1. What is the number of the single condition among (1) closer than 25 Å to Val112 by Cα; (2) at pLDDT below 85 that Pro65 does not meet?
2. Out of curiosity, is Arg23 of a type in the set (Lys, Arg) and either modelled with pLDDT under 85 or outside any helix (DSSP H, G or I) (or both)?
3. Say we look at the range 93-122 and pick out the residues that are modelled with pLDDT of 80 or more and loosely packed, with under 14 Cβ neighbours inside 10 Å; which of these is farthest from the chain's Cα centre (by Cα)?
Amino acid sequence: IEHDYASWEKIKTQVSYALTQLRSKIKKIVRDAPVRVPCFTDRDPTIISNQNIFALAQQIVKDTPCRPTVQLCARVAIMASDVHRECGGSERYWNLIDDRLEFIRKTADSSVSKVTKWVIIS
């Protein structure tokens, strides 16, 4: 199918659309959740804990074959930080998430356990 350019472009377009919709759904779930974690700055150190991060991760993977793991919860904690306020919910949201994850990975020497501990302790 990769050799049939027209078909391949249709597949790429559909996959791109599906991933965009999924990212939008996740972003809305996190935005609307009553969970806020410290934002790694001293601007607003409050925590609203009406729902915990694990429950939020469960909500994100609901109706999928995925399961919430410690690693997923660590990433959800980053997504539930003040990133929405920093970027105003714009397209920069995912770029900021990626930048934070990259910084954490570098700081933790790409060790999964160190990354998870760093995110959960921070």
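The values are calculated or read from the model by the stated rules, or taken from the named source; none is laboratory data. Given the structure is predicted, the values throughout are model-derived calculations rather than measurements. Heads up, the Cβs are rebuilt from the backbone with ideal geometry, glycines too, and the neighbour counts pull from every protein chain shown.
1. Unmet for Pro65, out of (1) closer than 25 Å to Val112 by Cα; (2) at pLDDT below 85: (2).
2. Taking the combined requirement at face value, the residue does not satisfy it.
3. Among those residues, the one meeting the criterion is Asp109.
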